[in-house]
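The values are calculated or read from the model by the stated rules, or taken from the named source; none is laboratory data. Values in this document were obtained by computation on a predicted structure and should not be read as measured data. Quick reminder, even Gly has a Cβ in these numbers, built from the backbone with ideal geometry, and neighbours come from all protein chains shown. These area figures cover heavy atoms from the full protein model, side chains too; ligands, DNA and RNA do not enter into them. Shrake-Rupley method; radii C 1.70, N 1.55, O 1.52, S 1.80 Å.
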Amino acid sequence: AITLPLTYLLIEFFFIINKQGKRFNTFLLTGVIAISISFIVVVIGGLLPQETGSISRFEYFLTQLQVLVKYVQLLVLPISQNLDYNFSISKSIWGIYELISGFIVISLLGSIFMLYRKYPLISFGLAWFFITLLVESSIIPIRDVIFEHRLYLPMFGFAIILVVVLLEILQKFKRTQFILVFAVIISTYACLTIVRNTVWKTNLSLWSDVVQKSPNKARPHINLGIAYFKLLKPLLAIEQFNMANKLAPKNNEIYYNRAESYLVLNRPEEAIRDLNQSISLNNKFAKSYVARAKAKILLNNLDAAIIDCSKAIALKPELESAWFERSKAYLFTGEIQKAENDLNVAINLNPNYAAALNNHALVMLYQGKNKEATSDLNKAIHLDPKLINTYNDMAKTCYKMGQFNFSITYLTSSLQYNPKNGDMLKLRGNCYLNQNKVQLAY
């Protein structure tokens with residue numbers, strides 16, 4: 001939105017002329033005056049934004065000199081790419097990198113004027129490059145000083161420059177030589193693209209690459225930990241969260257993510273310790289309350305779990321997992337109607353919430369509504385074929401809490417899909433024994 005009027009003026013200046021070959025100077029002057037007045041009003045009114053207060057405008061400007069040079073390098077030779085750079089903030093203009101970067105940037109800006117008459121398209125491409133980076137690479141401090149995706153629009157200017165350069169080469173060399181050079185360029189870029197695409201193949205490969213290149217930044221470790229967590233490798237996830245925690249000990253989401261990994265490992269006490277820390281750092285983060293409720297359910301502290309879920313719902317009523325976890329606590333306390341109400345809300349928020357549909361089926365079974373229960377279970381399994389593990393986990397939890405009927409229901413659902421699971425058959429037998437149903441147990 002900010003750069004669009006400037007690019008309009010740029011196109012007007014370079015390409016739009018009347019029948020006599022003259023520019024529409026009135027339009028240009030009006031545009032320049034309007035933009036200048038707008039900028040002055042913003043500055044005088046103190047409306048010039050900044051996304052972070054941890055970097056001064058001067059430091060950000062100095063840092064962007066190096067960032068702009070890095071962008072140019074990426075366009076010309078796309079190597080050493082990184083999704084999440086750990087870029088140093090410049091403090092003084094007299095550093096060697098700052099001086100070199102400043103010289104390069106000033107030279108490129110000067111080239112816009114020097115090349116205007118002989119190579120107007122190159123001049124236009126350079127101007128386009130700087131204008132379209134004006135918001136992110138000027139005096140508006142942004143927490144992330146560099147991101148490669150900020151080059152998407154500036155690349156248009158680079159593409160124009162590249163075409164002009166190639167045409168100039170074509171005129172000065174024989175056609176066969178040009179084709180050879182062009183083939184080498186295309187092949188090199190193609191190979192680099194293929195190599196880079198292998199990095200982006202999975203979350204694990206992507207964030208492993210970022211951690212290797214930005215080992216002292218917390219966010220890559222967090223995202224690599226989440227990637228391990230989603231691959232059901234909680235120990236590796238915890239290892240990454242530990243590294244992130246050393247780098248950013250006040251980041252509440254690190255504690256939350258590590259707690260979720262502890263829950264997968266059935267270590268609720270350690271999870272609660274992390275979640276207490278997460279909530280102390282940010283008591284508005286609803287997911288931490290939900291995760292703590294999950295841990296408390298495992299420890300049979302159901303009333304406390306209901307309180308935590310209620311806090312999460314108050315903070316973020318659209319968070320379906322909060323309603324779902326509270327419904328589980330209500331199920332275990334025997335408050336079936338409250339459980340059903342919460343499950344209905346969770347399913348309304350997310351009709352494809354397989355675990356909620358599964359538990360809704362339990363409520364239907366409890367009420368003798370077998371047809372509705374079967375429908376819910378079939379839909380749940382269709383949405384998530386891996387839900388059998390959820391059945392098994394819930395069955396174990398119910399067994400520990402003495403809720404043998406619930407445990408049997410979960411186990412029966414699981415065994416329909418995997419009837420040769422010896423551990424689950426043994427657990428259901430123990431449930432029957434606890435109910436003195438010896439023949440069924442046998």
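Using DSSP to call loops (not H, G, I, E or B), can you name the trypsin sites (Lys or Arg not before Pro) in the range 268-309 whose Cβ has at most 15 other Cβ atoms within 10 angstrom? The partial results should precede the final answer.
Numbers: sites: Arg273, Lys284, Lys287, Arg292, Lys294, Lys296; in loops: Lys284.
In loop regions of the range 268-309 (DSSP not H, G, I, E or B), the sparsely surrounded trypsin sites (Lys or Arg not before Pro) are Lys284.
At 7 Å along Cα-to-Cβ for each site, give me the label-to-label distance between Asn344 and Ile37 in nm.
5.9
Please work out the average accessible area per residue across the chain, using the 1.4 Å probe convention, and give it in Å².
Spelled out: the 1.4 Å probe surface of the chain, per residue, equals 56 Å².
Looking at the square roots a ≥ b ≥ c of the eigenvalues of the Cα gyration tensor of the range 250-401, which shape do they give, rounded for a/c under 1.5, prolate if a/b is larger than b/c, or oblate?
Here the range 250-401 falls in the prolate category.
Helix 203-213 sits at what angle to the longest principal axis of the chain, using alpha carbons and giving 0 to 90 degrees rounded to 10?
Its long axis makes an angle of about 50 degrees.
If I compute solvent accessible area with a 1.4 Å probe over the protein chains, what percent of it on the range 317-442 is carbon and sulfur?
Here carbon and sulfur together make up 49 percent of the probe-accessible area.
Looking at the range 1-101, which trypsin sites (Lys or Arg not before Pro) are DSSP coil and have at most 12 other C-beta atoms within 10 Å of their C-beta?
For trypsin sites (Lys or Arg not before Pro) across the range 1-101 that sit outside H, G, I, E and B with at most 12 neighbouring Cβ atoms in 10 Å, the list reads Lys19, Lys22.
Within the range 52-74, which residues have the backbone N less than 19 Å from the label spot 7 Å out from Ile100 along Cα→beta-carbon, could you tell me?
62-74
May I ask which residue of Ser54, Leu298, Gly31 lies farthest towards the positive end of the charge dipole of the chain, with charges of +1 (Lys, Arg) and -1 (Asp, Glu) on Cβ and the Cα centre as origin?
Gly31
Taking 0.36 nm per residue of separation and subtracting the Cα-Cα distance, what length does fully extending Phe113 through Leu299 add?
Roughly 59.8 nm would be gained on extension.
Would you mind working out the magnitude of the charge dipole of the chain relative to its Cα centre, with +1 at each Lys and Arg C-beta and -1 at each Asp and Glu C-beta, to the nearest 20 Debye?
Result for the chain is approximately 700 debye, rounded to the nearest 20.
With a ≥ b ≥ c taken as the square roots of the eigenvalues of the C-alpha gyration tensor of the range 126-207, please select rounded if a/c is under 1.5 and otherwise prolate if a/b is larger than b/c or oblate if it is not? Don't skip to the end; give the middle numbers.
Values: a/c = 4.89, a/b = 1.35, b/c = 3.63.
Oblate, because a/c is 1.5 or more while a/b does not exceed b/c.
All other residues with a Cβ under 15 Å from the Cβ of Leu167 taken together, and with Lys, Arg as +1 and Asp, Glu as -1, what is their net charge?
Local net charge: +3.
Taking the Cα centre of the range 210-338 as origin and charging only Cβ (+1 Lys, Arg; -1 Asp, Glu), how large is the dipole, in debye to the nearest 20? Can you show the working numbers first?
Values: 20 positive and 12 negative charges, 85 e Å.
Here the size comes out at about 400 debye.
Specify the inter-centroid distance of the range 287-322 and the range 1-74, based on alpha-carbon positions, in whole Å.
Each part reduced to its Cα centre gives a spacing of 49 Å.
With each label point set 7 Å from Cα along the Cα-Cβ vector, what nm distance links Ser375 and Ser138?
Using points 7 Å along Cα→Cβ, the separation is 5.9 nm.
GNM, the chain, Cα, under 10 Å: largest mean-square fluctuation among Ser327, Ser54, Ser310?
Highest fluctuation of the listed residues: Ser54.
Residue-wise, which Karplus ³J(HN,Hα) couplings in Hz belong to the range 101-106, taking 6.51 cos²θ - 1.76 cosθ + 1.60, θ = phi - 60°, and x for glycine or proline?
3J(HN,Hα) across the range 101-106, in whole Hz: 5, x, 5, 5, 5, 4.
Lys/Arg Cβ at +1, Asp/Glu Cβ at -1, dipole of the range 335-442 taken about the Cα centre: which of Tyr399, Gly422, Val345 is farthest positive-ward?
Farthest along the dipole direction, towards plus: Gly422.
Once you sort the root eigenvalues of the Cα gyration tensor of the chain as a ≥ b ≥ c, which label holds: rounded (a/c under 1.5), prolate (a/b larger than b/c) or oblate (the other case)? Write out the running numbers ahead of the final one.
On the way: a/c = 2.68, a/b = 2.36, b/c = 1.13.
Prolate, since a/c reaches 1.5 and a/b exceeds b/c.
Placing unit charges on C-beta atoms (Lys and Arg positive, Asp and Glu negative, everything else neutral), compute the dipole magnitude of the range 300-442 about its Cα centre in debye, rounded to 20.
Its charge dipole is roughly 480 debye.
Could you work out how far the C-alpha centroid of the range 344-407 sits from that of the range 411-441, in angstrom?
About 17 Å separates the Cα centre of the range 344-407 from the one of the range 411-441.
Counting alpha carbon pairs within less than 8 Å and at least 6 residues apart, what relative contact order, in whole percent, applies to the chain?
Over the chain, the number comes to 7 percent.
Starting from the range 371-442, pick out the trypsin sites (Lys or Arg not before Pro) whose DSSP state is loop and whose Cβ has at most 11 other Cβ atoms within 10 Å. Don't skip to the answer; put the middle values down first.
Values: sites: Lys371, Lys379, Lys386, Lys396, Lys400, Lys420, Lys426, Arg428, Lys437; in loops: Lys386, Lys420, Lys437.
Those satisfying the criteria are Lys386, Lys420.
Amide H to amide H under 5 Å from Glu136: which residues, 5+ apart in sequence or cross-chain, H placed 1.01 Å off N in plane?
Those lying under 5 Å, H to H, from Glu136: there are none.
Which ³J(HN,Hα) values, rounded to whole Hz and listed in residue order, are derived for the range 292-308 from phi using the Karplus coefficients 6.51, -1.76 and 1.60 in 6.51 cos²θ - 1.76 cosθ + 1.60 with θ = phi - 60°, glycine and proline given as x?
Values per residue, Gly and Pro as x: 5, 5, 4, 5, 5, 5, 4, 8, 6, 9, 6, 4, 5, 5, 5, 4, 4 Hz.
On a C-alpha basis, how far is the centre of the range 95-148 from the centre of the range 173-235 in Å? Whole number, if you could?
About 26 Å separates the Cα centre of the range 95-148 from the one of the range 173-235.
Sum -39500 (n - 2.57) across every DSSP H segment of at least 4 residues in the chain, then divide by the residue count to get the 222 nm mean residue ellipticity, nearest 500.
Mean residue ellipticity at 222 nm (helix-derived): -23500 deg cm²/dmol.
Ordered by residue, what ³J(HN,Hα) values in Hz, to whole numbers, does the range 273-281 give under the Karplus form 6.51 cos²θ - 1.76 cosθ + 1.60, where θ = phi - 60° and Gly and Pro are x?
Whole-Hz 3J(HN,Hα) from phi for the range 273-281: 4, 5, 5, 4, 5, 4, 5, 5, 7.
Step through the table entries Lys230/Lys386; Lys233/Lys294; Lys328/Lys400; Lys233/Lys311; Lys118/Lys172, compare each Cα-Cα distance with 24 Å, and write down the pairs that go over it.
Lys233/Lys311
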